[in-house]
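What follows draws every value from the coordinates through simple rules; no lab data is involved. This structure is a prediction, so every number in the text was calculated from the model and none was measured. Note that we place each Cβ from the backbone using ideal geometry, even for glycine, and neighbour counts take in every protein chain shown.
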Amino acid sequence: MKKAPVNKIIQFSNVDGPGNRTAIFFQGCTFNCMFCHNPETINMCRSCGICVKSCPAGALSTGADGKVSWDSVKCVQCDTCIKLCPHDASPRVTWMSVEEVMQQIKRCAPYIDGITCSGGECTLQAGFMTELFAEATKLGKTCLIDSNGSFDFERDPEVLKNSLGVMLDVKAADRAWSETLISDPGDMVRKNLVFLKGIGKLFEVRTIIFPGRDAENEFTVRYVAEKIGDSCPYKIIRYRPFGVRERYQKLLGEDETDIEYAERYAQLARNLGASKAYVV
Amino acid sequence: MSDALNIIQDPTLTYKQELLALARLGESTDDSLRYSDEYYEAKRKGALCDLNEGVMPYRPRYICPDYELLFSKGCEFLQLDPPRDLLEAVNALEIFYCHVPSITSFPVYLGDLDRLLEPFVIREDRAYAKKVLGLFLRNIDRVQTDSFVHADIGPEDSITGRLLLELTEEMQLAVPNITLRYDPEKTSDDFALACVKCMLKTAKPSFANHRMFVKEWGERYAIASCYNGLSIGGGGFTLPRLRLYECALEAKSPDDFIERELPRHIDLQLEYMDKRVRFIVEQSNFFKTNFLVTEGFVKQENFTGMFGVVGLAECCNFLLGIEDKKKGFGMNKEATELGIRIMEAIDKRVSEHEAPYCDAYVHRYRLHAQVGIDSDGMDDSPGTRIPIGVEPTMLEQLEVNEKFHPFFPTGTGDIFKFEETYIKTPEAILPIIKGSLSKGLRYFSGYLENNDVVRVTGYLVKKSEIEKLRAKKQSLNNVTVFGMGAQDGGHALDRRIQHHEESSC
């Protein structure tokens with residue numbers, strides 16, 4: 001049976017797509033973004049055991065097989081383990097089957113419009129998601145993919161079949177800046193932007209605006225706005241240092257992007273034809 | 001110092017509040033209505049509570065006049081002809097409201113305002129109609145100065161309904177309380193969404209399960225006071241309540257409670273209700289001489305007694321020896337199932353009791369999940385609610401509510417507090433409301449965490465008005481003082497906030 005590493009499931013979310021949605025967050029990511037607010041979702045646990053002895057609730061243990069396991073009942077969600085983890089991973093991950101995830105979704109079903117898969121990077125679980133979406137669609141629920149764009153949707157479009165589309169992060173349009181910011185030149189992201197728009201599966205695009213990075217911000221916003229036009233919403237997101245790893249906070253700054261500064265880029269995008277650009 | 005002197009020297013009381021307090025004091029000097037010694041003993045122990053209804057009922061607790069009759073025939077006693085236009089209509093209502101008694105001496109039901117006023121509103125231009133309705137709402141807020149004053153709208157969309165929502169948002173008033181009667185087939189998503197937006201900004205309207213109420217009461221039902229289901233042209237004689245936690249204190253086990261202590265207390269409350277209902281109908285003047293009765297605005301047979309309960313959560317936790325309420329009723333299957341057994345036992349015994357009068361309900365009283373009063377503190381949570389501060393995720397809270405709401409035709413409800421991002425995503429709340437009502441929730445209330453107008457337990461207060469009382473200043477609204485008490489004693493404004501980072505995994 002196919003299983004996927006689930007970091008958490010949020011029963012009711014108002015910030016992961018339209019309406020009320022159940023959001024499934026998978027563990028593991030293909031990028032390492034400086035500004036990541038959930039760096040504990042980036043890598044898989046290596047069972048180094050550092051977190052085990054520090055858990056104040058005794059919810060973590062190392063089994064006979066040497067693997068770290070997590071007791072969700074004992075856990076008090078104090079986040080000590082993820083703060084300590086040197087590998088940007090989390091011991092609080094549950095390997096779940098499609099049936100197990102569907103059980104949770106069925107419970108939420110009367111109250112939600114649909115589901116959203118996020119992460120980490122959910123497309124690492126593309127096969128699992130394809131099955132999950134088929135099941136959720138049977139319940140009359142819409143399915144959305146929240147992706148960093150590292151997955152080759154053109155080569156493997158199956159996962160899009162039962163999905164309204166992709167909420168795509170375009171973090172940097174310039175290769176060098178992208179390499180710095182997300183540890184990847186971002187070629188696939190830009191390819192996906194064009195491909196998904198072409199097949200009508202680009203649900204929304206998001207770009208984070210960093211304080212003082214005038215050239216980088218403008219280059220990315222111009223690039224996206226010219227590519228998407230008015231085909232989908234374009235969310236301009238303000239950088240917020242809260243939750244960002246300390247070493248990267250030093251690089252990106254300890255101030256959040258102020259709203260007027262972000263508005264400038266939303267206006268720029270709208271001027272370039274991305275009429276549905278706005279600051280969130 | 002006498003009680004009367006205390007009242008007239010209290011700097012926080014307005015003149016009208018003094019007058020009402022003195023009337024209550026005067027009423028308490030009579031002892032012609034007597035109950036059994038066992039009743040008084042249970043009351044002394046706090047197991048039974050009469051909600052300070054007063055020892056000599058001289059009117060039913062809640063009265064829901066038939067305002068359509070006022071509009072079709074006028075009112076002889078008040079010398080009102082049937083209104084011919086919007087001004088005459090709101091003027092007739094404003095006058096009439098001042099003559100509708102209740103436990104608070106303010107009208108607890110103002111009518112289905114959209115249905116009543118729509119024929120007049122559609123004949124006027126929108127701006128004029130809005131002006132008149134705005135003055136109407138201002139009159140209600142300043143004259144009917146009590147948050148248990150309640151108006152209903154829906155289930156259908158209407159110009160009047162929209163105008164009332166717009167004005168409610170613009171005026172930010174605590175009075176009146178408002179309910180949308182929600183029916184998935186009659187209420188459009190667009191209108192329901194307008195109601196959600198208004199609710200986020202003003203803590204009203206709440207959403208009532210129209211189909212559920214219609215099944216129990218027929219089409220002509222009112223939502224009055226906090227969230228009380230009653231008949232239009234009728235009302236509620238009286239509302240005492242079992243304080244279930246205190247009822248359980250002498251029980252040796254859950255079974256002992258259900259077999260012995262619970263029935264004993266139920267019977268004492270029924271005795272109290274029977275005597276009181278008889279007194280109101282047979283001894284007091286109301287049903288003999290009041291114009292509401294003589295002119296047919298209410299009919300005695302459309303009244304029923306409301307059998308109230310509070311503190312089910314604490315009762316179940318106590319009986320099961322659960323000390324950490326985070327692991328108790330609402331979060332703990334065994335405790336929640338015991339709660340259902342207890343409610344089934346109450347429902348059965350009350351429905352087997354032949355009540356005096358209550359003709360329209362085959363001589364039966366109807367259950368009510370009482371919303372709590374300020375003096376309850378943390379001992380008894382409202383009705384069957386999960387205690388404040390330990391609420392599970394919203395989904396889990398709704399699932400528990402859905403099991404209990406069907407027991408209470410005369411009202412129950414729960415309140416959800418949303419964090420600020422929801423103001424931008426009202427469409428994320430509507431499916432929650434629709435889903436829960438379809439699954440058996442009776443009544444849904446919500447508000448946004450940082451609003452001035454907030455819902456305390458069932459009624460609305462302004463936080464800024466509570467601050468006035470704290471500064472020993474007067475608050476025009478009679479209910480502000482309850483809000484302050486519930487905030488201090490019951491932490492009623494500290495309920496769990498619906499955030500977006502909820503996890504089930």
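How big is the charge dipole of segment A:174-268 about its Cα centre, in debye rounded to the nearest 20, if each Lys and Arg gets +1 on its Cβ and each Asp and Glu gets -1 on its Cβ?
Working: 16 positive and 17 negative charges, 90 e Å.
So the dipole magnitude of segment A:174-268 works out to roughly 440 debye.
In whole Hz, what ³J(HN,Hα) sequence does segment B:283-292 give by Karplus (6.51, -1.76, 1.60; θ = phi - 60°), x for Gly and Pro?
9, 7, 6, 3, 6, 9, 10, 5, 4, 4
Taking 7 Å along the Cα-to-C-beta vector as the label spot, tell me the A:Ile50-B:Val143 distance in nanometres, rounded to one decimal.
That separation, rounded to one decimal, is 7.2 nm.
Please list, by residue number, every one of the trypsin sites (Lys or Arg not before Pro) in segment A:106-191 that is coil in DSSP and has at most 13 other beta-carbon atoms within 10 Å. Don't skip to the end; give the middle numbers.
Values: sites: A:Lys106, A:Arg107, A:Lys138, A:Lys141, A:Arg155, A:Lys161, A:Lys171, A:Arg175, A:Arg190, A:Lys191; in loops: A:Lys141, A:Arg155, A:Lys161, A:Lys171.
Here the trypsin sites (Lys or Arg not before Pro) that fit, given the DSSP loop and packing criteria, are A:Arg155, A:Lys161.
Put +1 on the Cβ of each Lys and Arg and -1 on the Cβ of each Asp and Glu in the protein assembly as shown; which of B:Asn477, A:Val76, A:Val93 then has its Cα farthest toward the positive end of the dipole?
A:Val93
Gap in Å between the Cα centre of segment B:38-86 and the Cα centre of segment A:41-66?
When both Cα centres are located, 64 Å separates them.
In debye, nearest 20: dipole of chain B around its Cα centre with unit charges on the Cβ of K, R (+) and D, E (-)?
On the way: 61 positive and 79 negative charges, 99 e Å.
Approximately 480 debye in magnitude.
In whole Hz, what ³J(HN,Hα) sequence does segment B:444-457 give by Karplus (6.51, -1.76, 1.60; θ = phi - 60°), x for Gly and Pro?
10, 10, x, 7, 8, 4, 9, 6, 7, 7, 10, 9, 7, 10
Show me the chymotrypsin sites (Phe, Trp or Tyr not before Pro) within segment B:65-132 that DSSP assigns to loop and that have at most 16 other Cβ atoms within 10 Å of their Cβ. Show your work: numbers first, answer last.
Details: sites: B:Tyr67, B:Phe71, B:Phe77, B:Phe96, B:Tyr97, B:Tyr109, B:Phe120, B:Tyr128; in loops: B:Phe77, B:Tyr109.
In loop regions of segment B:65-132 (DSSP not H, G, I, E or B), the sparsely surrounded chymotrypsin sites (Phe, Trp or Tyr not before Pro) are B:Phe77.
Work out which helices of chain B, taken as complete DSSP H runs, extend at least 15 Å along their axis over the Cα atoms and score a mean Kyte-Doolittle of -1.0 or more, then list them. If you can, show how the numbers build up before the last one.
Details: long enough: B:15-27 (18 Å, -0.14); B:86-97 (16 Å, 1.22); B:126-143 (25 Å, 0.04); B:159-171 (18 Å, 0.37); B:189-202 (19 Å, 0.69); B:262-278 (24 Å, -0.91); B:333-352 (28 Å, -0.46); B:394-404 (16 Å, -0.45).
Taking the DSSP H segments of chain B (at least 15 Å long, mean hydropathy at least -1.0), we get B:15-27, B:86-97, B:126-143, B:159-171, B:189-202, B:262-278, B:333-352, B:394-404.
What relative contact order, as a whole-number percentage, does chain A give when Cα pairs under 8 Å and 6 or more residues apart are counted? Numbers along the way, then the final one.
Working: 584 pairs, mean separation 47.6, N = 280.
With pairs under 8 Å counted, the relative contact order is 17 percent.
What net charge do the residues around B:Ile280 carry, taking every other residue with its C-beta under 12 Å from that of B:Ile280, with Lys and Arg at +1 and Asp and Glu at -1?
Net charge in that neighbourhood comes out at +3.
How high is the relative contact order of segment A:45-92, in percent, with contacts defined as C-alpha pairs under 8 Å that are six or more residues apart? Intermediate values should be presented prior to the final figure.
On the way: 65 pairs, mean separation 19.0, N = 48.
Across segment A:45-92, relative contact order equals 39 percent.
Taking the simple approach of a point 7 Å from Cα along Cα-to-Cβ for both A:Asp214 and A:Phe242, what is their distance in nm?
Rounded to a tenth, the inter-label distance reads 3.0 nm.
Suppose we flag GluC sites (Glu not before Pro) only when DSSP calls them loop and at most 12 other Cβ atoms lie within 10 Å. Which is the longest uninterrupted stretch of chain B?
The reported range is B:355-500.
Going by the alpha-carbon gyration tensor, a ≥ b ≥ c the square roots of its eigenvalues, is chain A rounded (a/c under 1.5) or, if a/c is not under 1.5, prolate (a/b greater than b/c) versus oblate?
Working: a/c = 1.94, a/b = 1.28, b/c = 1.51.
Verdict is oblate for chain A.
Shape call for segment B:231-270 from the C-alpha gyration tensor, a ≥ b ≥ c root eigenvalues: rounded (a/c under 1.5), prolate (a/b greater than b/c) or oblate?
prolate
Out of segment B:104-187, which trypsin sites (Lys or Arg not before Pro) are coil in DSSP terms and have no more than 12 other C-beta atoms within 10 Å?
Working: sites: B:Arg115, B:Arg123, B:Arg126, B:Lys130, B:Lys131, B:Arg138, B:Arg142, B:Arg162, B:Arg181, B:Lys186; in loops: B:Arg123, B:Lys186.
Listed in order of number, the matching sites are B:Arg123.
Quick one: of B:Lys43/B:Lys434; A:Lys67/A:Lys171; B:Lys43/B:Lys468; A:Lys106/B:Lys417, which pairs are farther than 29 Å apart, Cα to Cα? The partial results should precede the final answer.
Values: B:Lys43/B:Lys434 40 Å; A:Lys67/A:Lys171 35 Å; B:Lys43/B:Lys468 34 Å; A:Lys106/B:Lys417 24 Å.
The pairs that break the limit, which is 29 Å between Cα atoms, are B:Lys43/B:Lys434; A:Lys67/A:Lys171; B:Lys43/B:Lys468.
Which percentage, to the nearest 5, of the DSSP beta bridges contained in the protein assembly as shown is antiparallel? Each step should come with its number before you reach the end.
Working: 27 of 78 bridges.
Counting DSSP beta bridges with both partners in the protein assembly as shown, the antiparallel share is about 35 percent.
Going toward the positive end of the dipole of the protein assembly as shown, with +1 on Lys and Arg Cβ and -1 on Asp and Glu Cβ, which of B:Gly236, B:Tyr40, B:Asn290 do you reach last?
Final value for the positive-end residue is B:Gly236.
Nothing charged except the Cβ atoms of Lys and Arg (+1) and of Asp and Glu (-1): what's the magnitude of the dipole of segment B:332-371 about its Cα centre? Round to the nearest 20 debye. Kindly include the intermediate steps, with their values, before the conclusion.
Numbers: 6 positive and 7 negative charges, 14 e Å.
Magnitude of the dipole: close to 60 debye.
Residues with amide H under 5 Å of A:Thr116's amide H, sequence separation 5 or more or different chain, H placed in the peptide plane at 1.01 Å from N; which?
Hits under the 5 Å cutoff: A:Thr22, A:Ala23, A:Ile24, A:Leu144.
Scaled to the compact-protein estimate 2.2 N^0.38 Å, what is the alpha-carbon radius of gyration of the protein assembly as shown, rounded to two decimal places? Write down the numbers at each step before the final one.
Details: Rg = 29.7 Å, N = 785, 2.2 N^0.38 = 27.7 Å.
Working it through for the protein assembly as shown, the quotient is 1.07.
I need the semi-axes of the equivalent ellipsoid of chain B: take the C-alpha gyration tensor, multiply each eigenvalue by 5, square-root it, list largest first in whole angstrom.
On the way: eigenvalues 212, 165, 101 Å².
Semi-axis lengths for chain B are 33, 29, 22 Å.
Over chain B, what is the relative contact order in percent, taking alpha-carbon pairs closer than 8 angstrom and at least six residues apart? Please report the intermediate quantities before stating the final value.
Numbers: 977 pairs, mean separation 85.7, N = 505.
Contact order relative to length: 17 percent.
Hey, what's the Cα Rg ratio for segment A:45-92 versus the globular rule of thumb, 2.2 N^0.38 Å? Before the final figure, lay out each step's value.
Values: Rg = 9.5 Å, N = 48, 2.2 N^0.38 = 9.6 Å.
Relative to the rule-of-thumb radius for its length, segment A:45-92 sits at 1.00.
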